[in-house]
Amino acid sequence: MNVYLAIINGDLKFPKMIKDKHFQQLLIGMLSKNPLTRTYKFKQIKAHEYFKDFNWENLISMSLKPPYIPTIPNSQDKIPFNFKEFITVI
């Protein structure tokens, strides 16, 4: 119940590592408590200033290069990536 009340009554606070104001504005809009003012439509998100330099056509055509490609030790490996390696990239 405490988590629920904190979500309902609390303010959105960003960690120091999230410095991009456009990203913060996007999250504030998407996490708005008021559903009437919430940013939720794809057109709204796509048109947001945070994505101004993002190439949506490359995403749709699947030609966008991923920022991180995990290394897989062998083709039989059931674990998709080394979690510790992933954390250091972030």
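The values are calculated or read from the model by the stated rules, or taken from the named source; none is laboratory data. Computed from a predicted structure; not experimentally measured. All Cβ positions, glycine included, derive from the backbone under ideal geometry; neighbour counts span all protein chains shown.
Observations on the structure shown:
- Taking first residues from segment 59-82 that are under 28 Å from LYS46 (Cβ atoms) and partners that are polar (S, T, N, Q) and modelled with pLDDT of 75 or more, the Cβ contacts under 8 Å between residues at least 6 apart in sequence or on separate chains come to LEU64/ASN55; LEU64/ASN58.
- Applying a threshold of 6 Å to beta carbon distances and a minimum spacing of six or more residues, or different chains, the list of pairs starting in segment 22-35 at a residue that is farther than 16 Å from TYR50 by Cα and ending at one that is exposed (fewer than 14 other Cβ atoms within 10 Å of the Cβ) and not charged (D, E, K, R) is empty.
- Hey, LEU26 surrounded by 11 or more Cβ atoms within 10 Å (Cβ to Cβ) and at pLDDT below 90 or not: no
- Members of segment 30-66 found to be loosely packed, with under 10 Cβ neighbours inside 10 Å, closer than 17 Å to LEU12 by Cβ and small (Gly, Ala, Ser), listed by number: none
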